[in-house]
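The values are calculated or read from the model by the stated rules, or taken from the named source; none is laboratory data. Source: prediction; values computed, not measured. When we count neighbours, we look across all protein chains shown, and the Cβ atoms used for this are built from the backbone with ideal geometry, even at glycine.
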């Protein structure tokens, strides 16, 4: 699968005489940073030939834009990658628990980025890995990677405009009586030296909606969660705050090693508009085995 992305536009009657640069800017939603790169690297072609962007357009001209080739240099490692959707602009995977998304000081290797580098080699691709969302190390589910800066910019814009819908599934401790509800509590970092987040005055506005899917007599609830904001540890802190910590979450009071060895939280569903084709898309990642087994034990 090649990831050289081409964008095309044919000059119409009403465009005659307009500078090519303006037509590129008006017909594609490229960021100004990307426009600068296109100009510097001569990646705008008219009828197949590189052209000065300030020249006036002629009717029938075919404007082709090629996105700059960029690549990541993480060390490839054999980590399983489970694609849920892939084309030349996006790669959406079902991340397994136990892996950090991106190399950090504490985890320089064995991350999803290293696994994707190996996957790229295996599938004969070459792109810069741009994570659009993040998942905690022990959270499983949908992880979105943009294969070019344009897709990343567009997708991030949709997230800011709240046009991307993200649904999670969690098993929590305790039986939630109400069928649904909303947690609106600002989140911050009580101690800058520590990783924990907490509900605090002056924190960032944070909203989580929950819906009960199933209640278990052993004292647990299966819930679906819809995020309106995407703060670090948001679901984990919010559920703990209302007295129903996520099962297996040792940081926020939900640990129970007999049932599951990690927090029982899975990013199951995502809907968005494709950053290039504009098509409305819905993707889903099935519940991982450890959560399915836990549900069977609780039933």
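Can you tell me which condition residue 243 does not meet? The list is (1) modelled with pLDDT of 95 or more; (2) surrounded by 14 or more Cβ atoms within 10 Å (Cβ to Cβ); (3) more than 19 Å from the chain's Cα centre (by Cα), and all the others hold.
(2)
Would it be correct to say that residue 156 is assigned by TED's automatic domain parsing to the domain that holds residue 129, under 30 Å from residue 35 (Cβ atoms) and either part of a strand (DSSP E or B) or without any contact (Cβ under 8 Å) to a residue 40 or more places away in the chain (or both)?
The answer is yes for residue 156.
Do you know which residues across the range 6-37 are over 20 Å from residue 58 (Cβ atoms) and assigned to a helix (DSSP H, G or I)?
32, 33, 34, 35, 36, 37
Let me confirm something: among 46, 10, 121, 81, which residue is under 30 Å from residue 291 (Cα atoms) and either buried (at least 16 other Cβ atoms within 10 Å of the Cβ) or in contact (Cβ under 8 Å) with a residue 12 or more places away in the chain (or both)?
Step by step, each of 46, 10, 121, 81 is checked, and only 81 is under 30 Å from residue 291 (Cα atoms) and either buried (at least 16 other Cβ atoms within 10 Å of the Cβ) or in contact (Cβ under 8 Å) with a residue 12 or more places away in the chain (or both).
State yes or no: is residue 44 touching a helix residue (DSSP H, G or I) at 6+ places or on another chain (Cβ under 6 Å) and not assigned by TED's automatic domain parsing to the domain that holds residue 121?
yes
Looking at (1) in the same structural domain as residue 135 (by TED's automatic domain parsing); (2) outside any strand (DSSP E or B), which one does residue 91 not meet, given that it meets all the others?
(2)
Return yes when residue 76 is within 26 Å of the chain's Cα centre (by Cα), outside any strand (DSSP E or B) and outside the structural domain of residue 272 (by TED's automatic domain parsing) and no when it is not.
Answer is yes for this residue.
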